1. Among the residues of segment 27-60, write down those that are buried (at least 21 other Cβ atoms within 10 Å of the Cβ) and over 21 Å from the mean Cα position of the chain (by Cα).
2. Name the one entry in Val141, Val219 that is touching an Asp or Glu at 6+ places or on another chain (Cβ under 8 Å), over 24 Å from Leu313 (Cβ atoms) and surrounded by fewer than 24 Cβ atoms within 10 Å (Cβ to Cβ).
3. For segment 131-179, enumerate the residues that are farther than 25 Å from Phe304 by Cβ and in a loop (DSSP other than H, G, I, E, B).
4. Filter segment 53-85 for residues that are among the hydroxyl-bearing types (Ser, Thr, Tyr) and outside any helix (DSSP H, G or I); which is nearest to Glu131 (Cα to Cα)?
5. Of all residues in segment 109-142, how many are within 22 Å of Glu180 (Cβ to Cβ) and not hydroxyl-bearing (Ser, Thr, Tyr)?
6. So, Val69, is that one in the same structural domain as Phe109 (by TED's automatic domain parsing), among the hydrophobic types (A, V, I, L, M, F, W, C) and free of Cβ contacts under 8 Å to residues at least 40 places away in the same chain or not?
7. Restricting attention to segment 97-122, and to residues there that are of a type in the set (Gly, Ala, Ser) and outside any loop (DSSP other than H, G, I, E, B), which single residue is nearest to Glu79 (Cα to Cα)?
8. In segment 152-180, what count of residues is obtained for those that are among the acidic types (Asp, Glu) and free of Cβ contacts under 8 Å to residues at least 60 places away in the same chain?
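The values are calculated or read from the model by the stated rules, or taken from the named source; none is laboratory data. All values derive from a computational prediction rather than experimental measurement. Neighbour counts are summed over all protein chains in view; Cβ atoms, including those assigned to glycine, are modelled from backbone coordinates with ideal geometry.
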Amino acid sequence: MQAINWNEVKAAKQAAIEVLLHNASGPFDGLPRTAGWGYPEPYTRDLMFSILGIAVTGNETLIKSIRRVLETLAGNQTEHGHIPSLVHDGDDRGASDTTPLFLLGTAIFRKLTGESDFLEDAVRKSLVWMEYQSPSDRYMVAQQPTSDWRDEQWVLGYGLFVNTVIYSYLKMLGDDERAENTRDEMNQFTVDSGFIAHHIHEGLLVKSKPYFALWSYKVLFCNRFDLLGNSIAILSGLASRERAIEIIDWIELECAKMRVRGDLSVDIAPNFFPFVLPGDEDWHPRYEQFNLPGNYHNGGIWPFVCGLYVAALVAAEQYELAGQRLAELTRLCRLSNDPSLEFGFNEWIKAQTGEVMGVDWQTWSAALYLYAATCVEERRTPFFDDMRAV
């Protein structure tokens, strides 16, 4: 286990701010870049996640840039309230997570600035849009495969990640009644009996495991582990304190087993496991090219996801473990494709080898590092603490 080196954390935080300032203005209407070189476009989901890291910096240049992002998204909102996948392109539609992330990002920005009615008309339209995203007129919403951040992986029906974001923005926006109804539905078990009685609705709890399923829909479900969705469930308080501890214990035990098998070479969890292997029922031919085991969405190490896991550890008051995982995340954030960079803040890392595989200076990698480091330093989780206290 690594002991945390606070001088190293300080250096990484400074480097992360430099990355964000570098990326704050790009070639598309001067909007922020998604990465320093590889992704010049302003991707909505990446920039919405980055709000957490930007908010804790207090940097006025970065805060001003994210205000412009939110205002541009509101201006490109569809007639029915949907938020596009690219900030500057109102015709780039179809994502299941951009509208929820816009609502979460706006709620965080309101708390940051004290502007309680910021983008109120756009928020109301997006809330209505989200209420229509359930095929059975429920509180949980459903999605099409590859429509959330996992653009190379199937999440079918009621996905964990999107619904944890929904629960979070409802709590932040003060709609406690709808939030609790969403929580109640998510805390039902998945259905594995082969049929659903008319009075039974599927949920996202896994009967044999402590964590929430990746997705469920009627009698179909996937009980592979989603680190991002479960981390947000812990952060937001959607998972009870007792369940949060059980989830974390399970993660750490399973990762230890993966290291013994040679499936994991680093000291922090992959975004998704067990990996989908060729021949598995949920393997898709396209995975052979884009989503091999331990790669990309099929078990790659994503620093932005790891940052949220570190924050979840703080939320569960696992402070020593949070420090150890922050130390490993700091080490991983040094890795880069470009040897001239002191810190790479790379997009993703191969689980089995620890090799960087994405692009350097990724905005959400830098931003969520800043958020994770702040959580460990201050033993709190800004914007989520009040949510769990209720």
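1. If the condition is that a residue be buried (at least 21 other Cβ atoms within 10 Å of the Cβ) and over 21 Å from the mean Cα position of the chain (by Cα), then Leu31 is the only one that fits.
2. Details: Val141 fails: touching an Asp or Glu at 6+ places or on another chain (Cβ under 8 Å).
Matching residue, one of Val141, Val219: Val219.
3. Let us first name the residues in segment 131-179 that are farther than 25 Å from Phe304 by Cβ, namely 131-132, 134-139, 174-178.
Correct list: Tyr132, Ser134, Pro135, Ser136, Asp137, Arg138, Tyr139, Gly174, Asp175.
4. Applying the first criterion (among the hydroxyl-bearing types (Ser, Thr, Tyr)) to segment 53-85 yields 57, 61, 65, 72, 78, 85.
Imposing the further condition that a residue be outside any helix (DSSP H, G or I) reduces the set to 78, 85.
Values: Thr78: 15, Ser85: 19 Å.
Going through the qualifying residues, I end up with Thr78.
5. Result for segment 109-142: 16.
6. Values: in the same structural domain as Phe109 (by TED's automatic domain parsing): yes; among the hydrophobic types (A, V, I, L, M, F, W, C): yes; free of Cβ contacts under 8 Å to residues at least 40 places away in the same chain: yes.
Spelling it out, Val69 is indeed in the same structural domain as Phe109 (by TED's automatic domain parsing), among the hydrophobic types (A, V, I, L, M, F, W, C) and free of Cβ contacts under 8 Å to residues at least 40 places away in the same chain.
7. Within segment 97-122, the subset of a type in the set (Gly, Ala, Ser) is 105, 107, 114, 116, 122.
When the remaining residues are screened for being outside any loop (DSSP other than H, G, I, E, B), the result is 105, 107, 122.
Details: Gly105: 20, Ala107: 21, Ala122: 10 Å.
Among those that are of a type in the set (Gly, Ala, Ser) and outside any loop (DSSP other than H, G, I, E, B), it is Ala122.
8. Within segment 152-180, the subset among the acidic types (Asp, Glu) is 152, 175-177, 180.
Still in the list and also free of Cβ contacts under 8 Å to residues at least 60 places away in the same chain: 175, 177, 180.
Total meeting the criteria: 3.
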